[in-house]
Each structure stands twice: as C-alpha cells, then as structure tokens.
1. Mind checking whether some residue in the range 382-397 is at pLDDT 90 or above, of a type outside the set (Gly, Ala, Ser), open to solvent by less than 10 Å² (accessible area, probe 1.4 Å) and on the phi < 0 side of the Ramachandran plot?
2. So, Pro419, is that one under 21 Å from the mean Cα position of the chain (by Cα), open to solvent by 20 Å² or more (accessible area, probe 1.4 Å) and either in contact (Cβ under 8 Å) with a residue 40 or more places away in the chain or closer than 29 Å to Leu251 by Cβ (or both) or not?
3. For the range 398-416, which residues satisfy the criterion of being small (Gly, Ala, Ser) and open to solvent by 30 Å² or more (accessible area, probe 1.4 Å)?
4. Contact list please: Cβ distance under 6 Å, first residue in the range 440-468 and acidic (Asp, Glu), second residue open to solvent by less than 40 Å² (accessible area, probe 1.4 Å), pairs at least six apart or on different chains.
5. May I ask you to list pairs of residues, at least six apart or on different chains, whose Cβ atoms are under 7 Å apart, with the first in the range 237-248 being open to solvent by less than 70 Å² (accessible area, probe 1.4 Å) and the second being among the aromatic types (Phe, Trp, Tyr) and part of a loop (DSSP other than H, G, I, E, B)?
6. Just one of the numbered conditions (1) open to solvent by 40 Å² or more (accessible area, probe 1.4 Å); (2) modelled with pLDDT under 85; (3) touching a Lys or Arg at 6+ places or on another chain (Cβ under 7 Å); (4) not β-branched (Val, Ile, Thr) is not true of Leu94; which one?
7. Condition first: among the hydrophobic types (A, V, I, L, M, F, W, C) and in a helix (DSSP H, G or I). Now tell me which residues in the range 458-495 satisfy that.
8. Pull up the range 271-296, narrow it to residues that are more than 17 Å from Ala347 (Cα to Cα) and assigned to a strand (DSSP E or B), then point me to the one that is most open to solvent (accessible area, probe 1.4 Å).
Amino acid sequence: MAAPEPLSPAGGAAEDAPEEDEDEAEAEDAERPAGAGGGRGGPGGGGGGGGGGPGPGLCGGLGGALTRRAVTLRVLLKDALLEPGAGVLSIYYLGKKFLGDLQPDGRIVWQETGQVFNSPSAWATHCKKLVNPAKKSGCGWASVKYKGQKLDKYKATWLRRHQLHMAVAAADESPASEGEEEELLMEDEEEEVVAGVSAEDKSRRLQGKGLLESAHPEATPAGKRVESKLRVPVRYCMLGSRDSARNPHTLVEVTSFAAINKFQPFNVAISSNVLFLLDFHSHLTRSEVVGYLGGRWDINNQSEFWGPVGRGHDETGVTIGGFPVTTVLTVLRAFPCRSRLGDPDTAASIEEEIYQSLFLRGLSLVGWYHSHPHSPALPTLQDIDAQMEYQLRLQGSSNGFQPCLALLCSPYYPGNPGPESNISPFWVMPPPEQRPSDYGIPMDVEMAYVQDSFLTNDILHEMMLLVEFYKGAPDLVSFQEPWSQEHSYLDKLKISLASRTPKDQGVGPVLEQVCSVLKQSS
C-alpha cells in the first residue's frame, strides 16, 4: 500500500494575527510629556502644538496623545502600580509554566535561562514559540500575569487614572484579537487547574453572571458594559470574497446538499468504535485534540450499511435516502494523535506510528478529526481551508475521486442540548468557478451509524495510552469536579460514551476500569 501523504493535523497550529509590536514603544521615552516636540505626529501634528505654541495635546493633558502602546512596565513601576520582584511574572501556555523576575528598570528576566526581555510581548512570544513554533505573537499584556493578575488590567487602571476623559470600554479593551480570546481563556483554565481552583469555587465566583458573561470571568471589569464573548457562527453566503483581514477563527454554518439542489457525492458509514474513541479523546483535555481516520473507499454497491438507519431505504438498491448508492466511504478506526499542537518532532513520530497501524490493518487514510472543546461543532475559516487542502492531498494526481472526511467534536460547548458531545461531519465543496478565490463551501455530510459488536483490544489500549499521555497535564479535565448540578465531569463522559457503546454489554466493567484510572489521574 502506498504511503498516504500525512495531513499533519498533529503538528499544525492556528496562526494568530500579529500583535502590535510593543518593543517599539518600549524603546521610546514613554514618560515624555504629551506636548513635547518631536512626537510621532511631527511639528504641528496631533502629538504637539505647531509653531511653538501649545497644541491641543497639552490642553487635554497626557490623555491627549498617550496611547496604550506608550504605557510600559517602567511607567507602571514608576507610578507604584507594580513592584520589582523575583518570580512575580508568569505565563501559562499549553501545559507549560514560565516564571519571570521584574527588574526595577521594567525589563523581564526569564528565570529558567536568565534571558532578558524588554517587554511582556517579547517574553510571551519567545516562550510560546518554544511550545508552538507556529505562534506569531505572544499577546503579551493579556498573557503575562503579575502576581496572578493579567498585566493589561494594570495598564487599564493606569489609563483610567491618567485619561479620565476616555470611555471606560476603550480603556479596558484587551489587546488580544478575537481569534486569540479562546486561547487566552484556555490559558486561564490551565492556570486554575494548576492552582487547584475547583468548579465549585468558579461557580461561586460567577454567581449572578449570565451565560454570556461566564465564558470569560475576567472579561467584564466593574463598570464595563457586558458584551457577548460567545463565538457566533456566520452563514456562508455572508462571507463574500476572501479577505485576509478576516478572523480565521470565524465559525461558519454548514450547508446541506439539498439546499443547493445537489446530491451528496459519496455515502459514509461510520463505526461506533470510531465515535467512541474520538469522543473519549476530546473529553480528556480542555485543549484542542486532533487525530486521523482510517477506513476504506469502496466504489462498489455497499447498500447493506444503509438499511437500518431509517433514511428511506430503497429495496432496489439503486438509491438510498435519495442518493445513488455506488460509492461508500467506510470509516473503521480512529487514530488519536498523542502530541501537542505545534510540536513537530513528536507529531512526526506519531504520524509514522499511525501510518504503520494503517498499513498493518489494510486501511487507507480517509480523513481526520479535531475538537472544539468549548465552541460549537462547526468549522472555522481555517478549518475550511485546511480541509480543502487535505482533500486535494488525498486526491493526488489520480483522475478518480477519493473523498476526505472531517469530523468535529464539541464536548463542553454550553449550547449542547445535554451531556452528549456533538460530533459533526463536514466536507468542503470548491467555490464556484467564476469566483475561484472565494472560501470553499462547508457541506453537511449525512452518515450511516454502524454499531460494533464489541470494543476491540486496540481501542482499549489506545484509551489507556491517552490517559497516560494527559496524566498530570494542567489542561487535563478534573473528572471528579461537578459539571452540572446533577453530574460530575466523569458522569458526563459516561453518558456521552453510552450512546456510542457497542452491543456487547460487557463493556461496562472495562469502562469503569478506565474511568477509575481517570479519577486517579485528575
């Protein structure tokens, strides 16, 4: 069997919009009076008065010209909002903790290596790139904490003190892009796990807040108008032409084939063991997970997969549910990637291991899966582009058609109707020929569910390997903590897996054994 070209979800990572370069602001004299000559605006510009007379910047005090970028650690130290100290600065990122010393001159010394950084942005970017080489910005002021509190809160306090005429919302605005908000929320959750903050403590802290507020406890300081932090999906027809400035983490609703008067080009039959394992994998961590799908692409009639699912089975075998039954993609095995996003070395070895498993089982690479832990099971613009690329890779130079399926799992999205994870398939249709630069169209894929008779030994072995991989990680879910008033996180996991459990009722004791290990690990 020819080696399938790797899709590389294990080593991929989301690219965030570059953050403003705060190092440039650090190099300037931020303590210079607002009306002093030689400002960025030049003579007569907004930064100072032209012709030697007092400009409008002086009339407004410091607030007339001083921006967020001009507020540096040195400024906050001078105004006694911060104090120098060893280990007072910290970063939590993808299971890693970094500690830094704050120097009297505002510089940061990373304790692990002794390296010196001029700004939070420079330090955060350096540390995050060590964990995730694809990271392009550090979101420094929103990621670095001083004695447990984000630095951008101290910056906002300074701005309120010196720029009283500014709107509070503007002063409190986070430097993070919308696409970085979920990552920052994940960093907060990682630190809470390390610090031992229980779900009960978080619940008490969020008492009185609505659902939209509770998504980010620190996103609504006193006096700021509450705004929704939930990511709202958009319809494909609202996207328009491709725009590089658009947030790549924008969620997009999937389109049904019936809505565009087309037939689904291939049928899908998926094993219950596949959904069981990827659901288990997605539940283990608050971070995004990825994995591969193995199966077979059969161009012959495979109508036996479609009879029991109640989609208008045609006894003639010509059509089922309105689709011609001539091509069936059967998904038989999930292969979780036991690696972190952005870890290319581990990803390469894991992918080689998965390829060997595919080869030994006589399976082909037929797709991939990943999770949106706290968001809907809908593709982002980045997911759509990645899926389109993977479809082309699997197609190769062959003139024949070979599909590539994508599955999204959302275990902890608060909008799910109950404890069950939402697992959604999608496939991307190329944009219209007359608009080749548009985004691909994310299509909803109908699947036939094939219930397996039992959990295979390799599935059980993979579950134990996953538990061992995440054991002790800060983003490991605390399964003994309450998920709701009625259920713990462990209860939620069991309920979600129950709908995907094989016919063999003997799986109960095995699952209890795995869950017992989970409780000890978390």
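1. Within the range 382-397, one or more residues are at pLDDT 90 or above, of a type outside the set (Gly, Ala, Ser), open to solvent by less than 10 Å² (accessible area, probe 1.4 Å) and on the phi < 0 side of the Ramachandran plot.
2. When the stated conditions are applied, Pro419 passes them.
3. Those that are small (Gly, Ala, Ser) and open to solvent by 30 Å² or more (accessible area, probe 1.4 Å): Ser398, Gly400, Gly415.
4. Cβ pairs passing all conditions: Asp452/Ser271; Asp452/Ser272; Asp452/Asn273; Asp452/Pro502.
5. Leu239/Tyr439
6. So the condition that Leu94 fails would be (1).
7. So in the range 458-495, the residues among the hydrophobic types (A, V, I, L, M, F, W, C) come out as 459-460, 463-467, 469, 473, 476-477, 479, 483, 490, 493, 495.
Answer for the range 458-495, where residues must be among the hydrophobic types (A, V, I, L, M, F, W, C) and in a helix (DSSP H, G or I): Ile459, Leu460, Met463, Met464, Leu465, Leu466, Val467, Phe469, Leu490, Leu493, Ile495.
8. Narrowing the range 271-296 to residues more than 17 Å from Ala347 (Cα to Cα): 271-280, 282-286, 294-296.
So of that shortlist, the ones also assigned to a strand (DSSP E or B) come out as 271, 285, 294-296.
Values: Ser271: 8, Thr285: 1, Gly294: 0, Gly295: 0, Arg296: 112 Å².
This residue is Arg296.
The values are calculated or read from the model by the stated rules, or taken from the named source; none is laboratory data. Source: prediction; values computed, not measured. All Cβ positions, even for glycine, are placed from backbone atoms using ideal geometry, and neighbour counts span all protein chains on display. Calculation scope for accessible area: heavy atoms of the full protein, side chains included, ligands and nucleic acids excluded. Shrake-Rupley method; radii C 1.70, N 1.55, O 1.52, S 1.80 Å.
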